[in-house]
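To start, the structure itself, in structure tokens.
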Amino acid sequence: MKSVFVLTSDFETRHIQEALINTYVSGSVVMESDIPTKVQGLQFEGKLRILEQALANKAKQAYLKRFPMSALQNTTLWFLEVSYLKYTDNRLGHGNKLVWKR
């Protein structure tokens, strides 16, 4: 499976409850800075799905290898099939953006 993010979240969270109703989601990850030339961030869109058991076991091993502290949490693994990414990196010049669409 290509172009996916694996994430963990509880069923009870608001964002998961809303994603169960509408699986097309969006979000952002931002490296904030008071210095405009150091701003970095990623905006994304895609479909959020729960991992099937066969994939969940494999993904969980990879996830825990990267985030071992998560082993203590009782959460569910999800995957986001990415359809759009926009990466901003002002270190490469103000307003420098890289866009990817499926």
Out of 63, 84, sole residue that is within 21 Å of residue 29 (Cβ to Cβ), hydroxyl-bearing (Ser, Thr, Tyr) and surrounded by 16 or more Cβ atoms within 10 Å (Cβ to Cβ)
63
Would you confirm whether or not segment 47-56 contains a residue that is free of Cβ contacts under 8 Å to residues at least 40 places away in the same chain, under 28 Å from residue 32 (Cβ atoms), surrounded by 15 or more Cβ atoms within 10 Å (Cβ to Cβ) and under 18 Å from the mean Cα position of the chain (by Cα)?
yes
Could you list, in sequence order, the residues of segment 1-46 that are of a type in the set (A, V, I, L, M, F, W, C) and either touching a residue at least 24 places away in the same chain (Cβ under 8 Å) or on the phi > 0 side of the Ramachandran plot (or both)?
1, 4, 5, 6, 7, 11, 16, 19, 25, 39, 42, 44
Set 62, 71: member being modelled with pLDDT of 80 or more, of a type in the set (Gly, Ala, Ser) and more than 20 Å from residue 15 (Cα to Cα)
62
In segment 1-35, the residues that are under 30 Å from residue 94 (Cβ atoms), surrounded by fewer than 14 Cβ atoms within 10 Å (Cβ to Cβ) and aliphatic (A, V, I, L, M)
29, 30, 31, 35
If we scan segment 18-29, do we find a residue that is acidic (Asp, Glu) and at pLDDT below 90?
no
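The values are calculated or read from the model by the stated rules, or taken from the named source; none is laboratory data. Note that the coordinates shown come from a computational prediction; the quantities given were computed from them, not determined experimentally. Heads up, the Cβs are rebuilt from the backbone with ideal geometry, glycines too, and the neighbour counts pull from every protein chain shown.
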